[in-house]
Amino acid sequence: MIRNCAWLALASGLFLAIAEIIRNWGNWQAWPFWTVDFIAAGALIWGGVRTLSQGSSRLLSAAWGFTAGIFWMSFFSHTQAVSGGADETYASGTVNEGMLTVIIGAMLLAAIAGRIMSLTRRTI
């Protein structure tokens, strides 16, 4: 299971990095808002590679925890923006806000699943 978790981390990290570039291309937000996503993507990729090469899952578990925290805040902020409860500070110019919220929700579920999987030591 830990190998599957590492592969999920690699795929999620690559997706997150590419999606962040596409989302912000031509209209970059303030640097703290996008830098944290690249830190999460890098941690997932590093944790995935390290787990596949060395079998250790501590870094991978930390990366998933960090990523889940980021997506937790982002998902509920976007949910509030979509429901009309907040101003449009989270609106992205290139992606439909509703679709973006669904993608962030899916990434949150993947991060929670990855965190749980990273805590298991079975190598099935």
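Each reported figure results from applying straightforward, stated rules to the coordinates on display, with no laboratory input. None of these values were measured; they are calculated from a predicted model. Cβ sites come from the backbone with ideal geometry, for glycine too, and all protein chains shown count toward neighbours.
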Helix 97-118: inclination vs the chain longest Cα principal axis, degrees, rounded to 10, gives 20
Projected label distance in nm at Gln80 and Ala113, using a 7 Å step from Cα toward the beta-carbon: 2.8
Quick one: length gained pulling Val102 to Trp25 fully straight, 0.36 nm per residue minus the C-alpha distance? 25.7 nm
Can you work out ³J(HN,Hα) from phi for every residue in segment 13-23, in order, using Karplus 6.51 cos²θ - 1.76 cosθ + 1.60 and θ = phi - 60°, giving whole Hz and x for Gly and Pro? x, 5, 4, 4, 5, 5, 5, 5, 5, 5, 4
Base-10 log of normalised Debye intensity for the chain (one unit scatterer per alpha-carbon) at q = 0.13, 0.14, 0.16 Å⁻¹: -0.51, -0.58, -0.73
With an 8 Å Cα cut-off and a minimum separation of 6 or more residues, compute the relative contact order for segment 2-118 in percent. 33
